[in-house]
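Just so you know, all these numbers are worked out from the coordinates, no wet-lab data involved. Being a predicted model, the structure only gives us computed values, none of them experimental. Here the Cβ is made from the backbone with ideal geometry for all residues, glycine too, and neighbour counts use every protein chain on show.
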Protein chains: 6
Amino acid sequence: MAEAPLPRELWQHLAQASTATVTTQLFKRGLRRMHLQGVVPVSRGRRLAGEALTLRYIPAREDLDVVEVFQNPEHPQRKVIELAQPGQVLVMDARRDTSAASAGHILVTRLQQRGAAGLVTDGALRDSPAIAEIAFPVYAGAASPAMNLTVHHAVDINVPIGCGGVPVFPGDVVLGDDEAVVVIPRHLALEVARDAAEQERLETFILAKVRDGAALPGTYPPSARTLEEYRAWLEDRGRLGQPPA
Amino acid sequence: MAEAPLPRELWQHLAQASTATVTTQLFKRGLRRMHLQGVVPVSRGRRLAGEALTLRYIPAREDLDVVEVFQNPEHPQRKVIELAQPGQVLVMDARRDTSAASAGHILVTRLQQRGAAGLVTDGALRDSPAIAEIAFPVYAGAASPAMNLTVHHAVDINVPIGCGGVPVFPGDVVLGDDEAVVVIPRHLALEVARDAAEQERLETFILAKVRDGAALPGTYPPSARTLEEYRAWLEDRGRLGQPPA
Amino acid sequence: MAEAPLPRELWQHLAQASTATVTTQLFKRGLRRMHLQGVVPVSRGRRLAGEALTLRYIPAREDLDVVEVFQNPEHPQRKVIELAQPGQVLVMDARRDTSAASAGHILVTRLQQRGAAGLVTDGALRDSPAIAEIAFPVYAGAASPAMNLTVHHAVDINVPIGCGGVPVFPGDVVLGDDEAVVVIPRHLALEVARDAAEQERLETFILAKVRDGAALPGTYPPSARTLEEYRAWLEDRGRLGQPPA
Amino acid sequence: MAEAPLPRELWQHLAQASTATVTTQLFKRGLRRMHLQGVVPVSRGRRLAGEALTLRYIPAREDLDVVEVFQNPEHPQRKVIELAQPGQVLVMDARRDTSAASAGHILVTRLQQRGAAGLVTDGALRDSPAIAEIAFPVYAGAASPAMNLTVHHAVDINVPIGCGGVPVFPGDVVLGDDEAVVVIPRHLALEVARDAAEQERLETFILAKVRDGAALPGTYPPSARTLEEYRAWLEDRGRLGQPPA
Amino acid sequence: MAEAPLPRELWQHLAQASTATVTTQLFKRGLRRMHLQGVVPVSRGRRLAGEALTLRYIPAREDLDVVEVFQNPEHPQRKVIELAQPGQVLVMDARRDTSAASAGHILVTRLQQRGAAGLVTDGALRDSPAIAEIAFPVYAGAASPAMNLTVHHAVDINVPIGCGGVPVFPGDVVLGDDEAVVVIPRHLALEVARDAAEQERLETFILAKVRDGAALPGTYPPSARTLEEYRAWLEDRGRLGQPPA
Amino acid sequence: MAEAPLPRELWQHLAQASTATVTTQLFKRGLRRMHLQGVVPVSRGRRLAGEALTLRYIPAREDLDVVEVFQNPEHPQRKVIELAQPGQVLVMDARRDTSAASAGHILVTRLQQRGAAGLVTDGALRDSPAIAEIAFPVYAGAASPAMNLTVHHAVDINVPIGCGGVPVFPGDVVLGDDEAVVVIPRHLALEVARDAAEQERLETFILAKVRDGAALPGTYPPSARTLEEYRAWLEDRGRLGQPPA
């Protein structure tokens, strides 16, 4: 990518933001469909954040998609793994077809070895129980034992794709947690992340009030007075040397 | 609700009945579709029982469903939470559309604070990992990070709705366990619950026999002789001061 | 079944093979659709292997499918349980309709008591939380509290069926793990199992190399040189008296 | 079929009844799901009435379902055609899978030649434009150019099947018009047909009144007075030697 | 409706606009989802334009939805027909469930008699072949012979509903042609209709140029020069006393 | 395309072959999924044959897909039309999403003007009633009035795509009739077309025999004797100077 590198600050903000909060920030900017449909975490407790590296599949053809194709190190499914850079998230467009896998245990392990940030596919994964054991954030549409060749033909690396109904351009920022995966257009990433982190701090404060018995009106959304309380609370935490949320 | 309150006995019976058993009792009365389709528990090990308080959504319209609407404390999604009474289950008709959430962490927390019995939606929930941590029974169609405004427009409180393909009238009895959610028409609730509790006792006895090696014929369904054994077993337990099952 | 019994060796090979590996071996033989779609394990950590005993359902009819039918010990859903032999897997064709159950806790318990190897249905199960607690491999499309009579009418025992989109002939070999269920045509079972076990050993070796930092080219698929290393590694393990993988 | 033949009167009644009216009569008898879902006429203006002869498909297996199988005259898809008797409707259970055909032009032509009453499949048909030209009532889920072997394996003739979500027993009465196909259980056929023909006459009268400006209350459903008028109208037509409707 | 009546001019503009053009005008105003999904014309060559009168269904319950309910003239499905005013379009929310009908021939005929502008349902219709013969614009999701009671329970008249995934408020403008049905929020109706009629005129001109061999660049969308030509053409037609398009 | 041009003979054979017959020839060569799913003719009575020119869409993004993009003559949806050559079929990958259109009347008219052979999309078309009137073969998944920008973002011209679940490479042969669209890999096109034309001739002969009352065994598939008769019939027609079928 010839594009300017993303600032370190971006990742710090994202580390404090859920996919729900980021999705709200995108909604406020008129982007309503940046969360993947039908894609779930393979195991709980991972967090994903990185830049999209893409792989595109089309439907397989029985004469082209035979096991021998993997002898060719240029086969796109294999090559994209060896191209992955630290911090990249491999995002696969499998046309939401989960009747066969789009990757398996060995490829995911190699991707992790290369320092990639994670893997997202709107297709299935095979060896999914083993993949769930790896300390690596992986998201997929389902588990399927069948090889990718059964229904998928890999064609392109790092072109714009669709994944889970969302447009993904190479270099877009991909964020995942236990709820979902959301894609942030690269040029909006910093402002969205900054506002999301701030929204998280405010909602942490609001949630505490609700747990203490506050009714919704005046609290959520916050009235001018609640916002004032929030600012005082924030300052307080700052004085105590605590991280803001 | 102007309707007569439900008897305490009802809840005691329901505490001993699974959704499977209650569904059988409804089937025996000609009601075949009172179990929600596509709605699952957000976390395991909760039990839900209460009276339905309903919220109705229609599809969103971009000019109406903007973040500012929540400034209005009369917004139905927010107002229904503040109307919830102890023992009520908030049931949302989200038209089985899970592409965005119908509620999130703060609203669910407030609902719990108000003493409600639980939440059921045939749409999605956002902040679902946090919601799963609350000791509160919640059932939904999926997780989605997107705000309800993305696809849902809240219109009505406490009107008859559909949820998961089931008709739900305000005041109907809603029962949930780790398997499913089932709705019992209010006027049938007591007899269904009583018969379900009895059926549970009998099936506990039958299961014990099957575990001891009994074949199905004569045991399940029970023959006259097995029923006699069952009655003796019941009396025995009564004599020993044990609860019947 | 009048067919020749399956060799003990078959089960030993299968004990070392995942459904993913077996599916690859079937793919190599031109069989691309032997893995069930939409069928998942009811609880994790079980392994299933056995010979198919089948039950066929058609849609229910309200006048035929009434609770009294179970008084007849010849009712196919009940009879098939009492026919199950040790090592058999009961496979149910429920037309992928999960709006009601195809079996429940008592039947599954009896099936286990009879020594069956497991249960697979492309419909739903009721009492699924209780079934998940049994140390018995069970696979289904979903949980549903509703009795089978609600949508299913049992008609045939041990005829060829479809299950999860896969043809299943009585006596076919059924294998399940935490990922999926796959069906191996009986006449291919031994060679598929043998080759799958060998493939597992090779992939164990390849995975170890990838974990040690090997790049995919030359490793996966293995070059002549990698295969040589593999053979040395195999011999080594043999010398050490270790099982090959 | 060893069953008693159906009376000629049945077919006379059915000739005057739409599938909508018959479905209402079934509903009144507690049968709510006897109309096929997802099955439509291949061409307009045909009427279908006859007794069900069934064919059952399961999913295909690549090694079994090769073009050579048709060399065998006992292949069930071919044999069932040669077994068809005048007045029978061939009903195929294709598991609602329309990704390949369940029959084509030559088989349909032969079926017509044999005097069969029609063909119903919940799968697809190939050569559908040519089939639409034949003066023979045919109903299917879709058109597909692919041979049945692609996804279907024929297994059984004249066993109970599901078609379009409806149970079909050999010998059941099958009725089709431009709207739908409905199955009438054989033992109910005469009374359902008789009541349906009567309902058609009444609705013809009601429709005429509505066309003349009558409001719904008192007309549809008819009040005692409207029924009186209807009886007078019926008598009148009788006097004039006209068929009742 | 207490709302101000819609101007006659609106209907004149709409008479010249296709649903495609109106949908473009709504898109330009940020409304992307006002066209019904899964709803098609029952017969070709009709045009629909009118104000929405709504009916809301929830799922049926077997004990409530029995044929006797129609004895009550207040039953919402029947009452809404008798409330329909000239120029109104009856829009039914059937939850996109087409497994049974939401109306039939007699009701549609009565609706036409009352001078209504048409009928739209996202459910099915029964007697659809007869309905297709009436010179009245009707749109539905499918044909089904089954009575509405089979799956639908009518609850409300003239409340906001969803239909085909679109929000419909009583009094909204509903437009239908051979392609689709689109809903225009009442407050936007005049400006959308006016701009749509103008867009139609321009596209008529552009289409003529394309038919004469013009390439797309400079023509579609039109360059400044093409727009100039268009204005000259418009004036010309005006001079000739022709309607503008 | 740098590839060798396709021989004129190919098109002559294809002119005599239905999509059903071509699909059988592909099946015989191990290609089971070359017929598009969910794509139907916009109007009857057209035949399509040509070489694929492809357009690829990904999901739209609200900030990118605004009406102004069409000012750019390089926009892929517009540019691909101006690139189309006589004999080419424009095939669009719309990810089977028919909730908005992938093209409309003006673009289709321009495509026809350029001499293209037809248009195939697995998305929807707008202005579909007008398109149905053009003497130009067009196939689509549905009609939708909404602009492509609503859900589609055009990205690539003439790359391999998926359409209706089928892989399509630029230059592949695309055949359509009133039943379906099928894709023939370019390198197989001539032999498939030749064998399909021969199969059509044989099936014409077989059909005539079946119409004359021949039973299926020995006729379909043809016995050695029937094949002999066929060859005599063929020669006869040759002698009479008639085209073979």
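When DSSP beta bridges are restricted to pairs lying wholly in the protein assembly as shown, around 55% turn out antiparallel.
For the stretch C:181-243 versus the stretch B:188-245, the spacing of their alpha-carbon centroids is 53 Å. Proximity of backbone amide H atoms, modeled 1.01 Å from N, is registered between A:Met147 and A:Ala101 at under 5 Å, excluding neighbours fewer than 5 places apart on the same chain. Once amide H atoms are placed 1.01 Å from N in the peptide plane, what residues at a sequence separation of 5 or more from F:Ala140, or on another chain, have their amide H within under 5 Å of its amide H? Under 5 Å from the amide H of F:Ala140 lie the amide H atoms of F:Val40, F:Val42, F:Thr121, each far enough along the sequence or on another chain.
A quarter of the convex hull surface defined by the alpha-carbon atoms of the protein assembly as shown gives 62.0 nm² as the mean projection.
Sorted from nearest, the other copies put their A:Gly238 label points 6.3, 7.2, 7.3, 9.6, 9.6 nm away, the label point being 7 Å from Cα in the direction of Cβ.
Distances between copies of B:Arg8, taken at a point 7 Å out from Cα along the Cα→Cβ vector and listed shortest first: 6.5, 6.5, 7.2, 7.4, 9.8 nm.
Rounded to the nearest 20, the Cβ-based charge dipole of the stretch D:100-206 about its Cα centre (Lys and Arg +1, Asp and Glu -1) stands at 480 debye. Applying the criteria of a DSSP loop state and at most 11 other Cβ atoms within 10 Å to the GluC sites (Glu not before Pro) of the stretch C:1-108 yields C:Glu3, C:Glu74. The two copies D and A are related by a rotation, and the chain D beta carbon nearest its axis, with distance in whole angstrom, is D:Glu62, 5. Bridge orientation summary for chain F: considering DSSP beta bridges with both residues in this region, about 55 percent are antiparallel. Applying a DSSP loop filter and a limit of 13 other Cβ atoms within 10 Å to the trypsin sites (Lys or Arg not before Pro) in the stretch D:27-78 leaves D:Arg44. Need one number: the % of Cα-Cα pairs in the stretch E:122-161 sitting beyond the 17 Å mark. Value for the stretch E:122-161 (Cα pairs over 17 Å): 41 percent.
Computed 3J(HN,Hα) for the stretch D:118-124, one whole-Hz value per residue from the Karplus formula 6.51 cos²θ - 1.76 cosθ + 1.60 where θ = phi - 60°, is x, 9, 9, 9, 8, x, 9, glycine and proline marked x. Along its principal axes, the stretch E:173-219 has C-alpha extents of 39, 22, 14 angstrom, given from the largest down.
For the stretch F:1-80, the residue among F:Val42, F:His75, F:Tyr57 whose Cα projects farthest onto the positive side of the dipole built from Cβ charges is F:Val42. Legend: mean number of C-beta atoms from other chains within 10 angstrom of residue C-beta atoms, peptide B:23-36, equals 6. Round to a whole angstrom and tell me the spacing of the C-alpha centers of the stretch E:7-34 and the stretch F:32-72. Between the Cα centre of the stretch E:7-34 and that of the stretch F:32-72, the gap is 25 Å. Once backbone amide H atoms are built at 1.01 Å from N, E:Arg47 has no partners under 5 Å, excluding neighbours fewer than 5 places away on the same chain.
A label point on F:Gln71, set 7 Å along the Cα-to-Cβ line, lies at 3.3, 5.5, 6.9, 7.0, 8.1 nm from each of its counterparts in the other copies, closest listed first. Quick check: from the Cα gyration tensor, does the stretch A:1-135 come out rounded (a/c under 1.5), prolate or oblate? It is prolate, given that a/c is not under 1.5 and a/b is the larger ratio.
Mean partner shielding of peptide D:149-158, defined as the number of other chain Cβ atoms within 10 Å of each residue Cβ, is 3.
For the residue pairs B:Lys28/C:Lys79; D:Lys209/E:Lys79; A:Lys79/F:Lys79; B:Lys28/B:Lys209, the alpha carbons lie more than 27 Å apart in A:Lys79/F:Lys79. Working note: 222 nm ellipticity from helices only, DSSP H runs with n ≥ 4, each -39,500 (n - 2.57), summed and divided by the residues of the protein assembly as shown, gives -10000 deg cm²/dmol to the nearest 500. Each Lys and Arg Cβ is given +1 and each Asp and Glu Cβ -1; about its Cα centre, chain D then shows a dipole of about 420 debye. Does the stretch F:88-131 come out rounded, prolate or oblate by the C-alpha gyration tensor, with a ≥ b ≥ c the root eigenvalues, rounded set by a/c under 1.5 and, if not, prolate when a/b is larger than b/c and oblate if not? Taking the square roots of the gyration eigenvalues as a ≥ b ≥ c, the stretch F:88-131 is oblate.
Peptide A:163-172 has a mean of 3 when you count, residue by residue, the C-beta atoms of other protein chains within 10 Å of its C-beta. Projecting the Cα positions of C:Ile184, C:Thr24, C:Pro217 onto the charge dipole of chain C (unit charges on Cβ atoms of Lys, Arg, Asp and Glu, taken about the Cα centre) puts C:Pro217 furthest along the positive direction.
Where a ≥ b ≥ c are the square roots of the eigenvalues of the C-alpha gyration tensor, would you call the stretch C:113-222 rounded, which needs a/c under 1.5, or, failing that, prolate if a/b is larger than b/c, or oblate? Judged from the Cα gyration tensor, the stretch C:113-222 comes out prolate (a/c at least 1.5, a/b above b/c).
Within chain C, the proportion of C-alpha pairs whose separation exceeds 27 Å stands at 40%. Over all projection directions, the Cα-based convex hull of the stretch B:61-111 averages an area of 4.3 nm².
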